[in-house]
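Notes for the one structure printed next.
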Amino acid sequence: MKKRQIALATLALVLTGLLVAFSAGCGGSEASTTTAAAGDTTTSTAVTTTDTTADNRELHIYGWRGEIPQEIVDGFQAATGIETTFDAFDSNESLVAKLQSGATGYDIVNPSGYAVQQLAQLDLILALDHSKLVGLDNISPKFREVVYDPGNKYALPWVWGTTGLAYNDEFIKEPIEGWSDLWNPAYSGHIVMLDNMLAAYIAALQLNGFSINTNNPEEIAKATESLSEQKALLLSYNSTNQGQLLTQGQAWIVQAWSSSITSVAADNPNIHYVLPKEGGSFWVDSLAIVKSSENVESAYAFMNYILQPEVAAQITDLSKMATTNQAAIPFVDEKYRNDPSIFVPVDRLSNAEMLLDSSAQTQLVQADWTKVRAQ
Amino acid sequence: MRGARQDRPASGWNVSVGSRVLRLADLVRERTLDGAIATTSIMLYVFLLAPIVVVVLYSFNRSETGFVWTGFSTSWYVRLFHDAGMRDGIRVSFVVGITTAFISTVFGTMASYAMARRTFRGRNAFNALVLMPLVVPEIVLAVALLVFFVRVGGSLGYFSLIAGHLLVVLPYSTLILLAAVSGIDQALEEAAADLGANSWGVFRYVILPLLIPGMATSFALAFLFSFDDIVMSTFVSGVGTTTLPMLVYSMLRQGVSPEVNALGTLLIAATLVVLLTTGVRQATVAMKKGGGQPFV
C-alpha cells in the first residue's frame with residue numbers, strides 16, 4: 001500500500017510536470033501579425049533605427065497587460081530581431097516602488113501621467129533624446145505639451161483615456177450630465193464608485209467646483225464630506241467589474257475609466273459612457289526608458305516602431321484604447337474611431353483636467369480617504 | 001446513537017404513555033436537528049462551490065463581458081492556447097509553486113521534527129524566527145527582500161521569486177507538520193530505538209512514513225499559497241518571471257477577459273484529477289484500515 005501511495009503521488013507530480021511542459025512547449029504557433037494591415041507597403045521592416053548593434057539586442061518591457069498587446073511585442077520582435085520580453089504590473093504605485101527599491105532589468109516602462117513626474121523626480125528614467133525618435137511629429141499637439149511632462153522630455157505619450165461615468169439607460173431615463181448624478185438619491189443602492197482614492201477625489205473635488213490638483217485643506221475637507229454623504233447611497237466601491245454590474249442591472253450608474261467601459265458598451269447598446277460636465281479627468285499613459293537600462297538603443301527602436309501610424313492604429317484596434325498618434329487615426333478600425341468612449345470628442349475634453357503628482361495633496365487625501373472607507 | 005435514548009429509566013406514573021411521548025419528542029428533536037445540520041451543510045457547500053460552477057459555465061459563454069449568457073463557444077480556450085503571455089505566466093507560477101512547495105515541505109519537516117522532539121539552545125528563538133513571517137505584513141517582507149537582493153547584487157528572477165515565496169510559505173508548512181509530528185506517539189519511536197534503530201533509523205522508518213499525509217497537506221497548501229501570491233511576486237519577480245496572478249491583476253484596468261474563466265476551468269480540472277487519483281485512494285485506504293492514522 002505504501003508503494004502504491006508513493007507511485008500515485010509520483011504520478012500526480014508527473015502529470016503536473018506535463019502540464020508545465022505543455023504550457024512551456026506549446027509556443028511559437030501564433031503568427032506574428034505585423035503591420036500588414038490596411039494593405040500598406042511601408043511595413044515594419046522599413047523601420048529606420050539608429051545603430052542597434054551597440055546593445056545586446058534585447059528589450060524588456062514592463063507595462064500594463066492588454067495595453068501593450070502581445071501582437072505588438074511579437075511584431076516588433078519579428079521586424080527587428082530584438083528579443084523582447086513583456087512583464088506586467090498592476091498599478092503605477094507598484095511600478096514606482098519597485099524601480100525605487102532598485103529593481104533592474106527593465107528597459108521600457110509604461111507609467112501614467114503623474115507616475116512620469118514621480119519617476120522623473122526620483123531620477124529613475126532617462127530624458128529622451130528626441131533626435132533618436134522617428135515620427136515624433138505623428139503625436140497629436142495636444143499631447144506634446146502635457147502638463148506633467150512639457151515637451152515630452154521624459155516620456156512618449158502613447159494611449160490616452162478619460163475617467164468619467166457610465167450608465168445603463170434601461171434603468172435611467174433622464175439625461176446624465178455629470179458627477180452630481182452619482183450623488184442622486186433617486187439611484188440609491190445602484191451607484192458604484194471606483195475603488196481608487198484618486199478617482200474618488202477627482203469626482204468629489206470637481207463636484208464642489210475645485211480643481212483635482214488642489215492642495216487646499218479646506219477644499220479637500222469639503223470633498224471628503226461629499227464622499228461621506230455619498231457612501232450611504234452606494235452599492236459598492238469597485239474597480240474590477242463595474243461594467244458587468246452595469247450590464248446585469250445591479251448598478252445603474254458607475255464611475256469608470258473609459259477603457260473598461262468600451263467593450264461593455266460595444267456588447268450592450270444600453271450602456272453609455274459620459275465625460276462629466278464638471279470636467280472629469282483625462283489621463284495619458286506613456287513609455288519611458290529606465291535609467292538603469294542596458295538596452296537603450298533597443299528601447300528607442302521600440303518607440304520608433306510604435307510611432308508608425310499603422311502600428312499605432314493596430315494598438316488601438318487591439319487594446320481598444322485611444323492612440324495619441326494623430327497620423328494613425330485614418331488607419332484605426334472605423335467602429336473604434338467613432339466610439340465616443342475611446343475617442344472622446346475634443347470639445348468635451350476642454351474641461352477635463354489631468355491629474356498631477358503632488359505629495360502634499362496625497363498626504364491630506366490619504367488620511368481622509370481612510371476615514372471615508374472606514375465609516 | 002438513537003438506541004441510547006431507550007435506556008432512560010421509566011418514571012413512576014403514566015409509564016407507558018408518558019415515556020412513549022418523551023421518546024417521540026426526543027426522536028423528533030433528533031431528526032429535526034439532523035435535518036437542520038444536513039440542510040445547513042448542503043447550503044454551505046453549494047455556497048462555496050457555486051463560484052466554481054459559474055466559472056466553468058461562463059468559460060463557454062460567447063459574450064466578452066458580463067454574466068449574460070449569449071451562446072456556447074469554446075473560443076476562449078482557443079484564445080488561451082494562443083496567448084503566449086498567459087502560458088508564460090502559468091509556467092512561471094507552476095514552476096515556482098512546485099519548487100516552493102517541495103523545499104518548504106522538506107525544511108518544514110526538518111524544522112517541525114526539531115521543534116517537537118528536540119531541545120537545544122536557542123530553541124525559543126528558533127521557534128519565533130520560523131513563525132515570524134506570519135506576523136510581518138507581506139508588503140513589508142516583499143520590499144525588504146527586494147532591497148536586500150538589490151544590495152547583495154543578485155538579479156531578480158526565479159531564485160528571488162522562490163526565496164520570497166518560501167519566506168511567506170514556510171511558517172504554514174512548519175505549523176502543519178508540527179501538528180502532524182506532535183500527533184505521532186513517542187512510544188513508537190522509543191520502541192524502534194529499543195529494537196536497535198539509531199535516530200536516523202527512527203526518523204526514516206517510523207516518523208517519515210507516518211508523516212506522509214502531513215507532508216502531502218503541507219505540499220498542497222504551500223503550492224496554493226505560492227500560486228495565489230501577488231504582493232511578494234510583484235516585488236521580487238524579475239524580467240521574464242511574471243506570475244499568473246500578476247498578469248490577471250494587470251488586466252483589471254481593461255476589464256478581465258473571459259480567457260481567465262477558461263484558465264480557471266482548466267486549473268479546476270487539473271486539481272480534480274490530482275485529488276481523485278490521490279485523495280480517494282487515501283480515503284479508501286484509511287477506511288479499510290479501520291480509521292488508521294488521521295489524515296492531518
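Worth pointing out:
- Charge sum, other residues only, whose C-beta stays under 14 Å from A:Ser341's C-beta, Lys/Arg counted +1 and Asp/Glu -1: +2
- Rounded to the nearest 20 debye, the dipole magnitude of the range B:83-288 is 260 debye, with +1 charges on Lys and Arg beta carbons, -1 on Asp and Glu beta carbons, and the Cα centre as origin.
- Applying the Kirkwood pairwise sum to the alpha-carbon positions of the protein assembly as shown produces a hydrodynamic radius of 28.6 angstrom.
- Of the DSSP H helices in chain B, those whose Cα atoms cover at least 20 Å axially and whose Kyte score averages -0.5 or more: B:15-58, B:84-117, B:138-152, B:158-182, B:208-228, B:259-274
- Prolate/oblate/rounded call for the range B:189-268, Cα gyration tensor, a/c under 1.5 rounded: prolate
- Computed over chain A with a Gaussian network model linking Cα atoms closer than 10 Å, the most mobile of A:Ile315, A:Ile172, A:Ile125 is A:Ile172.
- Nearby lysines by direct alpha-carbon distance to A:Lys2 (threshold 21 angstrom, same-chain neighbours under 8 apart not counted): B:Lys288, B:Lys289
- Of the trypsin sites (Lys or Arg not before Pro) in the range B:119-184, those whose Cβ has at most 15 other Cβ within 10 Å and which sit in DSSP loop: B:Arg121
- Since only A:Ala88, B:Val136, B:Val274 are under comparison, the one whose Cα sits farthest along the positive direction of the charge dipole of the protein assembly as shown, derived from C-beta charges on Lys, Arg, Asp and Glu, is B:Val274.
- Lys, Arg +1 and Asp, Glu -1 on Cβ, resulting dipole of chain A about Cα centre, debye, nearest 20: 1080
- Averaging Cα coordinates gives a centre for the range B:152-188 and one for the range A:110-138; these two points are 43 Å apart.
- Residue (of B:Ala180, B:Phe223, B:Met251) at the positive-pole extreme of the range B:83-288, dipole from beta-carbon charges: B:Ala180
- Net dipole in debye of the range B:60-159 [+1 Lys, Arg Cβ; -1 Asp, Glu Cβ; about Cα centre; nearest 20]: 500
- Top of A:Leu156, A:Leu182, A:Leu11 by mean-square fluctuation, Gaussian network on chain A, Cα under 10 Å: A:Leu11
- Entry note, the protein assembly as shown: the mean residue ellipticity at 222 nm calculated from DSSP H runs of n ≥ 4, each adding -39500 (n - 2.57), is -16500 deg cm²/dmol after division by the residues and rounding to the nearest 500.
- The chymotrypsin sites (Phe, Trp or Tyr not before Pro) found in the range B:54-157 that occupy coil by DSSP, while having at most 10 further C-beta atoms within 10 Å, are B:Phe120.
- Those GluC sites (Glu not before Pro) in the range A:170-264 that DSSP places in a loop and that have at most 15 other beta carbons within 10 Å: A:Glu170, A:Glu177
- Springs between Cα atoms under 10 Å define the GNM used for chain B, and in it the highest mean-square fluctuation of B:Val56, B:Val256, B:Val21 occurs at B:Val21.
- Kirkwood Rh, Cα atoms: Rg over Rh of chain B: 1.11
- At R0 = 22 Å, FRET efficiency that the Cβ-Cβ distance of A:Glu174 and A:Lys142 yields, to 0.05: 0.10
Read the figures in this text as sums done on the coordinates, not as results from a lab. Quick caveat, the model's predicted, so the values are computed rather than measured. Cβ: placed from backbone, ideal geometry, glycine included. Neighbour counts: every protein chain shown.
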